[in-house]
1. Quick one: which helices (runs of 4 or more DSSP H) sit completely within region 22-133 and have at least 1 residues that are surrounded by fewer than 21 Cβ atoms within 10 Å (Cβ to Cβ) and not small (Gly, Ala, Ser)?
2. For region 341-367, give me each residue that is buried (at least 20 other Cβ atoms within 10 Å of the Cβ) and either free of Cβ contacts under 8 Å to residues at least 12 places away in the same chain or assigned to a loop (DSSP other than H, G, I, E, B) (or both).
3. For the structure I just gave you, tell me whether Thr386 is polar (S, T, N, Q) and either part of a helix (DSSP H, G or I) or surrounded by 21 or more Cβ atoms within 10 Å (Cβ to Cβ) (or both).
4. Is it the case that Gly500 is touching a strand residue (DSSP E or B) at 6+ places or on another chain (Cβ under 9 Å) and not hydrophobic (A, V, I, L, M, F, W, C)?
5. For region 138-186, which positions are in a helix (DSSP H, G or I) and of a type in the set (Asp, Glu)?
6. Asn323 passes all but one of (1) touching a His at 6+ places or on another chain (Cβ under 8 Å); (2) more than 20 Å from Arg63 (Cα to Cα); which number fails?
7. Looking only at region 41-76, how many residues end up being more than 22 Å from Pro356 (Cα to Cα) and out of contact with any strand residue (DSSP E or B) (no Cβ under 8 Å at 6 or more places or on another chain)?
8. Go through region 153-207 and report how many residues are of a type in the set (S, T, N, Q), exposed (fewer than 13 other Cβ atoms within 10 Å of the Cβ) and free of Cβ contacts under 8 Å to residues at least 40 places away in the same chain.
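The values are calculated or read from the model by the stated rules, or taken from the named source; none is laboratory data. Since we're looking at a predicted model, the values are computed, not measured. Cβ coordinates were reconstructed from backbone atoms using ideal geometry, including for glycine residues, and neighbour counts include every protein chain displayed.
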Amino acid sequence: MDKSTMPKTGFAGLKAHFKDDLSSGFSVSLIALPLCLGIAIASGVPPLAGLITAIVGGLIGSRISGTFVTISGPAAGLIVVILGAAEGLGGAGVESGYAGYPHTLGAIVVAGAIMALFGLLKVGKVGDFFPSAAVHGMLAAIGVIIMIKQLFPAIGVQPEKASILETATQIPNALLHTNSYAAIIAIATILILMVHPKINWTPIKVVPAPMWVMIVTISMAQYFGTDKLALVQMPKDLFGSDGFTLPSFAKISEGAFWSAVIGIALVAAIESLLSAKAVDALDPYQRKSNLDKDLLAMGSSSSLAALIGGLPMISEIVRSSANVNNGGKTQWANFFHGSFLLVFLLVASSVIELIPLSALAAMLVFTGFRLASPKEFVHMYKIGTTEIIVFVTTLLAVLATDLIIGIGVGILCNYFLVLLGRVRVTDLFKTHITVESDNNSILHLEGAFTFSNYLGLKKHIDKALETTETAILDFAKATFIDHTTMAHLQSLQKAATVDGKTIQFLGLEELVPSTSHSQSQRKRAHE
């Protein structure tokens with residue numbers, strides 16, 4: 001990519017790309033508004049919390065971010081951990097008076113500081129440590145939990161408090177007590193989200209699907225009668241008792257507080273790193289984010305947002321994708337997205353209060369389905385037996401326990417299957433690489449390469465490309481390459497091309513893939 005064609009950054013970027021970023025920021029704000037409200041409500045905290053997060057992320061996070069076109073804000077993937085934190089720290093939802101909300105804010109402040117510390121310690125690369133199948137299994141489990149939890153408000157029913165598996169057993173009875181008005185609105189929401197991408201007529205296409213949901217469902221609620229539906233409740237006075245909320249650290253000595261801190265910091269960091277890397281792949285200019293700086297920005301901004309009642313934030317994939325598709329060029333698009341949301345909060349609260357909760361819940365059901373789509377199961381199955389086993393094991397472990405234990409079980413399962421494939425324990429963490437340097441760098445790889453020693457391999461590749469134009473990976477003595485390593489190597493190969501460098505694979509065909517998928521694990525035939 002010719003650097004002369006790259007979008008400018010800083011205030012030069014604001015001047016050069018003002019129109020593109022302003023237009024995209026406005027479009028993304030229309031998508032973000034209902035999602036921020038829905039994520040907050042689903043997390044058991046006031047809807048204002050979601051808007052605070054996106055506003056702080058846009059106005060402040062964008063100014064220190066290490067990314068280029070990502071949009072920061074609350075994420076559906078964090079609903080599970082925030083809801084669990086609120087419930088464990090006093091109570092979640094309006095029915096409890098949001099009793100656990102201030103204590104959850106305290107946990108977010110600490111978790112954000114830990115995320116920022118991750119960035120300062122330059123551990124952004126640790127995102128590459130986790131096995132891909134386990135991460136996707138965790139995200140799929142989050143999707144399942146969101147679908148189960150949000151089905152109830154989507155059909156206008158209040159479930160009894162229980163574990164996620166016990167809550168699932170309440171669905172048949174809930175369906176018998178459905179609020180028909182809420183259900184009709186939920187069905188309309190799902191249909192709009194499904195059909196909108198298939199319509200190419202400009203008058204329809206120019207308005208984002210979530211905003212069409214708001215237009216249609218608010219109209220439907222007015223027609224049905226708002227007394228028959230639950231609607232969004234916004235504070236009458238932002239600086240009053242139901243407005244901005246300060247964090248509480250009264251429960252900092254309790255295990256539930258630190259469990260929340262660890263869960264928020266870990267899941268937010270993983271999700272933000274994955275999203276930032278995914279958005280880099282979508283960026284038409286193929287710019288590479290500074291992941292350590294992004295962790296610092298998202299962590300410190302999360303803490304700042306929590307000081308006035310906001311949720312943790314990440315570089316969010318759906319809104320970031322929309323930013324790219326709408327022509328956003330720089331982080332000023334994120335800034336404008338936050339600015340427009342601030343305007344909506346200040347002047348349009350009365351309109352926001354007309355939104356039926358069933359519409360927001362249905363949007364999250366749709367989001368949950370995308371995270372746990374059958375396509376994800378098929379994709380993992382096509383990659384290989386190990387991947388589908390780790391994927392399903394992680395998913396079930398998360399549903400049976402929690403996110404932290406679940407991802408831990410997934411990692412242990414991956415280790416067990418790798419060792420079962422006769423990979424030596426000594427090869428799990430240590431890399432055996434010798435390097436020859438001339439005009440090109442040749443890296444002779446020996447033994448097994450897995451997700452847990454990939455960082456060592458990447459360090460050698462990065463060092464090689466600092467001094468030569470081409471890095472040749474010689475697999476002549478390699479015995480095993482797992483799926484996560486294959487996926488990372490292919491991404492590195494693509495990224496190197498953008499920088500005018502080359503990564504070549506030598507002898508990789510001698511390792512037999514477990515399936516026809518290009519990223520499946522490979523093993524030497526006689527091993």
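1. It comes to 79-88, 101-120.
2. Hit for region 341-367 is Ile355, nothing else.
3. yes
4. No, not satisfied.
5. Glu166
6. Single failed check for Asn323: (2).
7. Result for region 41-76: 9.
8. 6
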